[in-house]
1. In the stretch 89-141, which residues are exposed (fewer than 13 other Cβ atoms within 10 Å of the Cβ) and either touching a Cys at 6+ places or on another chain (Cβ under 6 Å) or under 27 Å from Arg74 (Cβ atoms) (or both)?
2. Quick test of your reading of the structure: Leu138 fulfils all but one of (1) under 29 Å from Lys50 (Cα atoms); (2) at pLDDT below 95. Name the failing condition by number.
3. Name the residues in the stretch 189-221 that are surrounded by fewer than 16 Cβ atoms within 10 Å (Cβ to Cβ), within 18 Å of the chain's Cα centre (by Cα) and part of a loop (DSSP other than H, G, I, E, B), would you?
4. Which condition breaks for Cys148 when tested against (1) part of a helix (DSSP H, G or I); (2) under 28 Å from Arg171 (Cα atoms); (3) in contact (Cβ under 8 Å) with a residue 40 or more places away in the chain?
5. Here is a list: Gly93, Gly128. Which entry is in contact with a Gly (Cβ under 6 Å, 6 or more places away or on another chain) and not in a strand (DSSP E or B)?
6. Please go through the stretch 63-80 and pick out each residue that is crowded, with 21+ Cβ neighbours inside 10 Å and of a type in the set (Val, Ile, Thr).
7. Is there a residue in the stretch 188-196 that is among the polar types (S, T, N, Q) and under 30 Å from Val48 (Cβ atoms)?
8. Test Ala51 against the criterion of being in contact with a strand residue (DSSP E or B) (Cβ under 6 Å, 6 or more places away or on another chain), at negative phi and touching a residue at least 40 places away in the same chain (Cβ under 8 Å), and give yes or no.
Amino acid sequence: MGKVIRYTTAFFASMIWASSSFAQGGGLNEVLQCTLKPSFSVEEVVSVGKAIPRNENGPNLVFYREPIVAPASRAGSINVVRYWDSFEHMIRGLETQAPSGPSQHFFAMVDCAGTRSVGRNLSVIEPGTAAPYEGGNLDESYVAIRQCTLNPDNSIEDVQSLLSEFDTDYRAEGDRTGYGILQILASGQDGEMNSAFAIRAIGENALGLGRRLDALPWNTPDSESPATCGSLSLWKSYVIHWGN
């Protein structure tokens, strides 16, 4: 048990959306780290994003995430997160999505060049445990993220198993926070193949995520941890598109 506590604090507070509530979300995340151009606000970008038309080949879910507690380099930025079933679905969607007035306006408001990454979602919790965004009934929530890199001779399955144990030990009654891993498969960043991942927690609602963070232990990771992780970041997340 002590070892589990030591391990988990290297990445404890980061968490994913992988849950039955997001079953329609798909196995892949496409993420764009966009910078707002001068004179445009997050509220304006969110409004335009919601107006972008989406055809039958489009992403299952779309979120825009605004940094609340994050590195200074992310000031004035917004993450665009799109959920796809597979690489085939993503490429088909990118190829068949015709430019529209709102989409052209969106890219006039932000600069996303060279920031695209794609990762696979890995489940940590039992289906039915979580309900991010109150199961799709909310337009906003909060997300906690910790960026990590696997240590030598460890696998993403080691992390997955450890976080599952941790969630079982520390999930309070009534906690509906989504929790899991996004393993980066493709990006413009150098690094060992498939070694980068993020642990993410997505709140059932804003206060629900806050209660989860308050309840978790904050310990110091040791050399036995399967991964090395950075500081926790906190994001406000806006629902742009939630299925059909």
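The values are calculated or read from the model by the stated rules, or taken from the named source; none is laboratory data. As the structure is a computational prediction, the values presented were derived from the model and not from experiment. Quick reminder, even Gly has a Cβ in these numbers, built from the backbone with ideal geometry, and neighbours come from all protein chains shown.
1. Result: Gln104, Ala108, Ala113, Gly114.
2. Among (1) under 29 Å from Lys50 (Cα atoms); (2) at pLDDT below 95, Leu138 violates only (2).
3. Passing the criteria: Gln189, Asn194.
4. Among (1) part of a helix (DSSP H, G or I); (2) under 28 Å from Arg171 (Cα atoms); (3) in contact (Cβ under 8 Å) with a residue 40 or more places away in the chain, the lone unmet condition for Cys148 is (1).
5. Working: Gly128 fails: in contact with a Gly (Cβ under 6 Å, 6 or more places away or on another chain).
Just one listed residue meets the conditions, Gly93.
6. Residues satisfying the conditions are Ile78, Val80.
7. Within the stretch 188-196, the subset among the polar types (S, T, N, Q) is 189, 194-195.
This time we only want the ones that are under 30 Å from Val48 (Cβ atoms), so: 189.
Yes - at least one qualifying residue is present in the stretch 188-196.
8. Working: in contact with a strand residue (DSSP E or B) (Cβ under 6 Å, 6 or more places away or on another chain): no; at negative phi: yes; touching a residue at least 40 places away in the same chain (Cβ under 8 Å): yes.
So Ala51 fails the test.
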